[in-house]
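The values are calculated or read from the model by the stated rules, or taken from the named source; none is laboratory data. What you see is a predicted model; the values in this text were computed from it and never measured. Backbone-built Cβ (ideal geometry, glycine too); neighbour counts: all protein chains shown.
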Amino acid sequence: MTNRELSDKVCAFPEERSPRMDQFADIRPYNDAEVSAVLERLLGDSEFLGAICRLKFKGLADWLGLPLRALVRRVLRRELAGVTDVESFQMVIERYMSQMIEDSTAGFSVSGLEGLDPDTPYLFMSNHRDITLDPAFTNYALHHNGRDTVRIAIGDNLLTKPYVSDLMRLNKSFIVKRSARGPREVLKAYRALSAYIRHSIQVDRAPVWIAQREGRAKDGLDRTEPAIIKMLAMSQDRKTESFGDFIASLNLVPVSISYELDPCDALKAAELEQLATNGSYEKAEHEDVASIATGIRGNKGLVHVAFGEPLDASFETPEQVAEAMDRQVISNYRLHDTNLYAWKALHGGEPLPALGELAGSCSEQAFLQRMQAIPSAQRDYALAIYANAIHSRQSLLSSEGDDAVAV
């Protein structure tokens, strides 16, 4: 079912009471009582241990697989010895995140949190550039500013291996059933998802992260899909609350995540070129899992997470909410020198209007060498991934006036 078809069906489907919490068992994150058993399952999963070996030891894992897996199992068992609940598991993840930030970024920064109430559970809706790092960096920013970590929406298309599902659900991820087939099954899945998100915010008072679109913005154009807003609105009680009041009740906050360098830029460019040439792209088996590993390992340069302002009750349609989301996501997006390098390589000259001061750790020469390593037929697609952030900013400034957006 396409997003447009889903949008039309969502609006027409009759209301029903939200499911009780026990009906969320198949999509919710693991709870504290389930942690120990899941960890034992992971430590006995040779495929999971092999993936860790390849991530840490790369080529050595191919010919020292068995002893390396045994070593990794011993190290993980020692590290996880004190983990008995979700919070203590996330503290282990935090150590790995800190090391990853040190090893693969040129710096990590955060803005906007000072304007958000630390006691309010927000629904954070962000742009989507990396499969797992977008919510991971959001969580890291929240945790290091004394805030609760989020429950993370993740598509079941990514859970192609049992150990990936276990890891995600241990880390507060809940499942979006994109694999549902047929109108009734799709609607049932999305109604349950909508109810779970609302329950998380309003009953459990737990913050939630969700992407502004289904799938990553591989072309670098961050746009909110109205179908996502319509899915959220499936749990609106139309007898007692207006659409605007419902949106306000979710404490919906736009989030902009920007990477100076995209570790998956060449992979995305190859997909975009094939789509443009052949009209379709066939993913390889477990391709998303490989992209996750590339994103984690690869150089990301500077990374910035910008939290926007909560949306109020002034909206009448999902399209208006999507437009408001886009304005904040684009205006708060931290532009880097690499965006300008790519713009100049594609278009020549400087973009107008002026975009203010840009941050950067990568020289123009190093960036252009990176682009030269990409096959020529795919190079412009790779450059556009970076340049389109400037295109989006210019379009916003042009439509609202130079004073409408702080740059």
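Listed conditions (1) surrounded by 15 or more Cβ atoms within 10 Å (Cβ to Cβ); (2) touching a Leu at 6+ places or on another chain (Cβ under 9 Å) are all met by Glu287, apart from (1).
Residues checked against (1) farther than 26 Å from Asp222 by Cα; (2) part of a helix (DSSP H, G or I); (3) modelled with pLDDT of 95 or more; (4) not hydroxyl-bearing (Ser, Thr, Tyr):
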{"residue": "Pro67", "(1), (2), (3), (4)": "yes, yes, no, yes"}
{"residue": "Arg74", "(1), (2), (3), (4)": "yes, yes, no, yes"}
{"residue": "Val83", "(1), (2), (3), (4)": "yes, no, yes, yes"}
{"residue": "Met100", "(1), (2), (3), (4)": "no, yes, yes, yes"}
{"residue": "Val110", "(1), (2), (3), (4)": "no, no, yes, yes"}
{"residue": "Asp119", "(1), (2), (3), (4)": "yes, no, yes, yes"}
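Among the conditions (1) assigned to a helix (DSSP H, G or I); (2) of a type outside the set (Gly, Ala, Ser); (3) in contact with a helix residue (DSSP H, G or I) (Cβ under 9 Å, 6 or more places away or on another chain), the only one that Glu309 does not satisfy is (1).
Looking at Ala342, is it assigned to a helix (DSSP H, G or I), closer than 28 Å to Leu267 by Cα, among the aliphatic types (A, V, I, L, M) and in contact (Cβ under 8 Å) with a residue 60 or more places away in the chain? No, not satisfied.
Assess whether Tyr140 counts as being more than 24 Å from Gly301 (Cα to Cα), crowded, with 22+ Cβ neighbours inside 10 Å, touching a residue at least 40 places away in the same chain (Cβ under 8 Å) and in the same structural domain as Phe174 (by TED's automatic domain parsing).
No: the conditions fail for Tyr140.
Residue-level check: of (1) modelled with pLDDT under 95; (2) in a helix (DSSP H, G or I), Ser18 misses just (2). Here Glu319 clears all of (1) among the charged types (D, E, K, R); (2) in a helix (DSSP H, G or I); (3) in contact with a Leu (Cβ under 8 Å, 6 or more places away or on another chain) except the condition numbered (3).
Please verify whether the range 200-223 includes one or more residues that are hydroxyl-bearing (Ser, Thr, Tyr) and either part of a loop (DSSP other than H, G, I, E, B) or crowded, with 24+ Cβ neighbours inside 10 Å (or both). No.
For the range 224-236, a residue qualifies if it is farther than 13 Å from Leu250 by Cα and not in a helix (DSSP H, G or I), and the qualifying residues are Thr224, Glu225.
Can you tell me which residue is modelled with the lowest pLDDT among those in the range 355-394 that are of a type in the set (Gly, Ala, Ser) and out of contact with any helix residue (DSSP H, G or I) (no Cβ under 9 Å at 6 or more places or on another chain)? Ranking the qualifying residues of the range 355-394, first place goes to Gly356. In the range 104-130, the residues that are without any contact (Cβ under 8 Å) to a residue 60 or more places away in the chain form Cβ pairs under 9 Å with partners that are loosely packed, with under 15 Cβ neighbours inside 10 Å and assigned to a loop (DSSP other than H, G, I, E, B), at six or more places apart or across chains, as follows: Glu114/Asn145; Pro118/Asn145; Pro118/Gly146; Asp119/Arg205. Would it be correct to say that Gly146 is free of Cβ contacts under 8 Å to residues at least 40 places away in the same chain, surrounded by fewer than 22 Cβ atoms within 10 Å (Cβ to Cβ) and part of a loop (DSSP other than H, G, I, E, B)? It is true that Gly146 is free of Cβ contacts under 8 Å to residues at least 40 places away in the same chain, surrounded by fewer than 22 Cβ atoms within 10 Å (Cβ to Cβ) and part of a loop (DSSP other than H, G, I, E, B).
Are any of the residues in the range 292-306 modelled with pLDDT of 95 or more, touching a strand residue (DSSP E or B) at 6+ places or on another chain (Cβ under 6 Å) and assigned to a loop (DSSP other than H, G, I, E, B)? Yes.
Being small (Gly, Ala, Ser), within 20 Å of Gln212 (Cβ to Cβ) and surrounded by 18 or more Cβ atoms within 10 Å (Cβ to Cβ) is the filter here; which residues of the range 295-318 pass it? Matches in the range 295-318: Gly295, Ala306, Gly308. If you check Asp222 against the conditions, is it farther than 19 Å from Thr138 by Cβ and at pLDDT 95 or above? Judged against the criteria, Asp222 is not a match.
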